[in-house]
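Take a look at the structure below.
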Amino acid sequence: MTAQIVPVLPQTLALAAEILREGGLVAMPTETVYGLACDASNPDAVARLYEAKGRPHFNPLIAHVAAMDMAKQEAVLSEEAETVARHFWPGPLTLVLPRAATGSVCDLARAGLDTIGIRYPRHPAAQGLIAAFGQPVVAPSANRSGHVSPTRAQHVMEDLGDRIDLIIDGGPCATGIESSIVSFAGETPTLLRTGGIETAALNAAVGGRLALHTDDSIVAPGQLKSHYAPDAALRLNAEAPQEGEAWLGFGSSVHTGLNLSPNGDLAEAATKLFAMLRALDARFDRIAVAPIPNEGLGEAINDRLARAAHRD
Ligand code: TXA
Ligand code: MG
């Protein structure tokens, strides 16, 4: 069975919510990347989700909510965490928080941890689906584990079409890279993953106290070095393509190939990154990538590129 791709409409969101109630798997658009949603409280559905993605069970999932109250059912927000949440939600920020006693997210989805990752996405289709379902959904990126995240419905179809129940097509994702993850589970707010919100803005929101997670222990297990990997070999910070290499440029570039943003706009580059990696990966074995300035969203872009280039 191949999943049906449906447009965003009240009746398709109602159908999707019904599939979630029955323990099914629904790909939904969010502003970052497409997520693979299932009922967060249903361990059988979560087991199916891990299976479909080929994802290791020790890697916890993010619970997605569509209201601040829903977040508070699941997690304990300190005053500072709530201030940050109100500042950036709905939007591309995930908070790791102590879980609440009232939480509905099953053990398997949390990988047994006593913390929980929560995100309130901005995309109206994600909000509409969660509201129609009435409960949090867990939603990892809707790609096979280790692959490049999907930013279009067609990417989900290619990776998971024969393993899931429905794909809601909300068009290309506006942000294009995953959410930033900040942990409020310890003493100091800590950035666990760079993402759709610039680090400087996050740091400002916590009065300059944001710690960067620098040691090698895996705090966010999805931060394994070779994540987001295409099949093709990537050569980063390249000046020019060599014989046999495809070219992925940034800013003004004289080389033939694709360009993340001819004007050197980092937000545009983030939006296009995964789609262009997928497109080149389908046709080439080697890809040379131009240098990307390591500022603003460039930090998250370079993080994803480094992981895509890494070989174990
Ligand atoms: O933008 C996004 O965050 C997308 C969209 C679909 O919302 N989702 C996403 O999910 O990127 P996923 O599963 O691909 O990445 C979630 C990351 C993983 O690295 C996981 O280890 C980390 O969040 N994570 C989840 N819960 C955690 C927790 N309690 N403590 C630490 N890390 C956690
Ligand atoms: Mg992922």
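Before moving on, here are some points about what is shown:
- Total charge dipole magnitude, the chain, about the Cα centre, Cβ charges on Lys, Arg, Asp, Glu only, Debye to nearest 20: 160 debye
- Length-normalised contact order of the chain in % [C-alpha pairs under 8 Å, at least 6 apart]: 20 percent
- Label-to-label distance, nm, for residues given as ALA14 and ASP162 (7 Å Cα→Cβ offset): 3.4 nm
- Model label sites at GLU22 and MET1, defined 7 Å from Cα along the beta-carbon direction, differ in position by 0.7 nm.
- Given charges at Cβ of Lys, Arg, Asp, Glu: the stretch 80-189 dipole, positive-most of HIS123, LEU166, LEU108: HIS123
- Counting 0.36 nm for each residue step from THR256 to ALA67 and taking away their Cα separation leaves a gain of 63.4 nm.
- The stretch 243-290, dipole about Cα centre (Lys/Arg Cβ +1, Asp/Glu Cβ -1), debye to the nearest 20: 100 debye
- Among 163-171, 52-60, 103-111, the order from most to least packed when residues are scored by Cβ within 10 Å on average: 163-171, 103-111, 52-60
- Based on the reciprocal of the average 1/r between different C-alpha atoms, the Kirkwood radius for the stretch 58-110 equals 11.6 Å.
- Helix 79-88 vs. the chain, principal-axis angle (Cα, 0 to 90°, nearest 10): 50 degrees
- Measuring between their Cα centroids, the stretch 68-124 and the stretch 1-59 lie 19 Å from each other.
- P(r) for the stretch 247-299, from all Cα pairs and a bin width of 10 Å, is 26, 57, 16, 0 %, short bins first.
- For the options SER141, SER78, SER149, a Gaussian network treatment of the chain with springs between C-alpha atoms closer than 10 Å singles out SER78 as fluctuating the most.
- Convex hull projection area averaged over all views, the chain, Cα basis, nm²: 15.3 nm²
Read the figures in this text as sums done on the coordinates, not as results from a lab. What you are looking at is a predicted structure, and each value in this text was computed from that prediction instead of being measured. Glycine also receives a Cβ, built like all others from the backbone with ideal geometry; neighbour counts cover every protein chain displayed.
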